[in-house]
Amino acid sequence: MSETIVKVNHMTKKFGDLLVLDDVSFDVKKGEFLCIVGPTGCGKTTFLNCITKLYEPTAGEILINDKPVNLKEDNIAYIFQEYSTMSWLTVEQNVAFGLEIKKKPKDFIKQEVDEVLEMVGLTKYRDYYPSELSTSMLQRVVIARAFAVKPQLLLMDEPYGQLDVELRFRLEDELLNLWRKTGTTVIFITHNIEEAVYLSQNILVLTNKPTTIKAKLENDLPFPRNVTSPEFIDIRSKVTDLIKWW
């Protein structure tokens, strides 16, 4: 059985008198692809922000490799809802940014950037600036930058929410390919149930505020997944029903 990389123990988060997360506990295995779904405004992003220390939990704890989260030691990458490319940097410089912050050697940075640009199909666009790229390419730059640092944990907060269906599926397939190649542990937040079933190994369903875990569903469908298959539709329906009735 895979080792546990993330342990969330009785995490509670309040903002003043507003209780957002209420005694949330679960584990994430090394290399797991976990999707978190729930109603809009239930606190999914707040949970990720607690992992990255943007917010401190009011109670409980988040452990990575059995130790409290330490961003100086833990190799964590975060992909936000908004495009987070830096407009004054080229594609190559954007992708190299995290490695440069970690003060990696120049030869090492060049090798890692070359590898990940090839993976996401951006090699010939390495000298372009974000203003010269399509929406799809911008998202690839962000994903490439995250994977370039070889994170042990990748947090993704609805990264494809603003994209059309065809483009979203294309980028989801690229993400799955990178995940399988690298073995990175992924926690992926989405409001799109079909997306959760398409990507995940496990799905965590949250309630409305004050937010608790309603269910954790295993998703053992083989990859690549067919969104029209009876098995896919069955899991999608189960998740829909869990979210639908509060």
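The values are calculated or read from the model by the stated rules, or taken from the named source; none is laboratory data. Because the structure is predicted, anything quoted here is derived from the model rather than measured. Here the Cβ positions follow ideal geometry from the backbone for every residue, glycine too, while neighbour counts run over all protein chains shown.
Within the range 146-164, the residues that satisfy the criterion of being out of contact with any strand residue (DSSP E or B) (no Cβ under 8 Å at 6 or more places or on another chain) and either of a type outside the set (A, V, I, L, M) or surrounded by fewer than 22 Cβ atoms within 10 Å (Cβ to Cβ) (or both) are Lys150, Tyr160, Gly161, Gln162, Leu163, Asp164. Residues of the range 200-221 that are assigned to a strand (DSSP E or B) and either surrounded by fewer than 21 Cβ atoms within 10 Å (Cβ to Cβ) or of a type in the set (Val, Ile, Thr) (or both): Asn202, Ile203, Val205, Thr211, Ile213, Lys214, Ala215, Lys216, Leu217, Glu218.
Filtering Val227, Val197 for residues that are modelled with pLDDT of 90 or more, out of contact with any strand residue (DSSP E or B) (no Cβ under 8 Å at 6 or more places or on another chain) and either crowded, with 17+ Cβ neighbours inside 10 Å or in a loop (DSSP other than H, G, I, E, B) (or both) leaves a single hit, Val227. With the structure loaded, tell me whether Ile143 is within 30 Å of Val20 (Cα to Cα), at pLDDT 90 or above, surrounded by 19 or more Cβ atoms within 10 Å (Cβ to Cβ) and under 16 Å from the mean Cα position of the chain (by Cα) or whether it fails that test. It is false that Ile143 is within 30 Å of Val20 (Cα to Cα), at pLDDT 90 or above, surrounded by 19 or more Cβ atoms within 10 Å (Cβ to Cβ) and under 16 Å from the mean Cα position of the chain (by Cα).
No other residue among Thr123, Thr185 is of a type in the set (Val, Ile, Thr), out of contact with any helix residue (DSSP H, G or I) (no Cβ under 6 Å at 6 or more places or on another chain) and either under 29 Å from Asn65 (Cβ atoms) or surrounded by fewer than 20 Cβ atoms within 10 Å (Cβ to Cβ) (or both) apart from Thr185.
Of the candidates Leu99, Leu117, the single residue that is touching a Ser or Thr at 6+ places or on another chain (Cβ under 9 Å), in a helix (DSSP H, G or I), crowded, with 19+ Cβ neighbours inside 10 Å and aliphatic (A, V, I, L, M) is Leu117.
Annotation note: Cβ proximity below 7 Å between a residue of the range 1-29 that is at positive phi and a residue that is surrounded by 15 or more Cβ atoms within 10 Å (Cβ to Cβ) and of a type in the set (Asp, Glu) (sequence gap 6+ or interchain) occurs for His10/Asp23. Among the residues in the range 165-175, are any modelled with pLDDT of 85 or more, acidic (Asp, Glu), surrounded by fewer than 16 Cβ atoms within 10 Å (Cβ to Cβ) and more than 17 Å from Phe80 (Cβ to Cβ)? Yes, some residue in the range 165-175 is modelled with pLDDT of 85 or more, acidic (Asp, Glu), surrounded by fewer than 16 Cβ atoms within 10 Å (Cβ to Cβ) and more than 17 Å from Phe80 (Cβ to Cβ). The set of residues from the range 44-68 being in contact (Cβ under 8 Å) with a residue 12 or more places away in the chain and under 17 Å from the mean Cα position of the chain (by Cα) comprises Lys44, Thr45, Thr46, Phe47, Leu48, Cys50, Ile51, Thr52, Lys53, Ile62, Ile64.
With respect to (1) free of Cβ contacts under 8 Å to residues at least 40 places away in the same chain; (2) touching an Asp or Glu at 6+ places or on another chain (Cβ under 6 Å), the lone exception for Ile189 is condition (1).
Yes or no, residue by residue, for (1) farther than 20 Å from Glu100 by Cα; (2) part of a helix (DSSP H, G or I):
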{"position": "Tyr128", "(1), (2)": "no, no"}
{"position": "Ser131", "(1), (2)": "yes, yes"}
{"position": "Ala144", "(1), (2)": "no, yes"}
{"position": "Phe147", "(1), (2)": "no, yes"}
{"position": "Lys150", "(1), (2)": "no, no"}
{"position": "Leu154", "(1), (2)": "no, no"}
{"position": "Glu174", "(1), (2)": "yes, yes"}
{"position": "Leu178", "(1), (2)": "yes, yes"}
